[in-house]
1. Below 8 Å between Cα atoms, with a sequence gap of 6+, how large is the relative contact order for the range 25-84 in percent?
2. I'd like the Karplus ³J(HN,Hα) series for the range 59-66: coefficients 6.51, -1.76, 1.60, θ = phi - 60°, whole numbers in Hz, and an x wherever there's a Gly or Pro.
3. Work out the charge dipole of the range 25-84 with +1 on the Cβ of Lys and Arg and -1 on the Cβ of Asp and Glu about the Cα centre, then indicate which of 48, 72, 61 is farthest towards its positive end.
4. Please state the shape class of the range 25-84: rounded when a/c is under 1.5, otherwise prolate if a/b exceeds b/c and oblate if not, all from the C-alpha gyration tensor.
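Please treat every number below as a calculation from the coordinates, not as lab data. What you see is a predicted model; the values in this text were computed from it and never measured. Cβ: placed from backbone, ideal geometry, glycine included. Neighbour counts: every protein chain shown.
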Amino acid sequence: MAETGLAVPGTAVRDRHVQRVHELAPPRALLTVRAVRWATDALAHDDTTVSALARHLGVDWHTAWSAIEVEARARVANPTGCRM
């Protein structure tokens, strides 16, 4: 956990910000691991499109596809290791 703070000069006020670092999403990722798995599952099993999934996730098509493509390729490369 990283903590940063900003003291206001001449006062006892201190603005404190705590940033928690965890494994929900890789650094600089726009989507969580869970969101990518959900989208990849939906694309594989439901009658949907990347555009519809991107709209549900609140990102553009390219952002959604970049994340989904990595997960989909990993599943195709290792079908026995897939969790469905």
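1. Across the range 25-84, relative contact order equals 30 percent.
2. 10, 7, 4, 5, 5, 4, 5, 4
3. About the Cα centre, the residue reaching furthest to the positive side is 72.
4. On the way: a/c = 1.98, a/b = 1.25, b/c = 1.59.
Here the range 25-84 falls in the oblate category.
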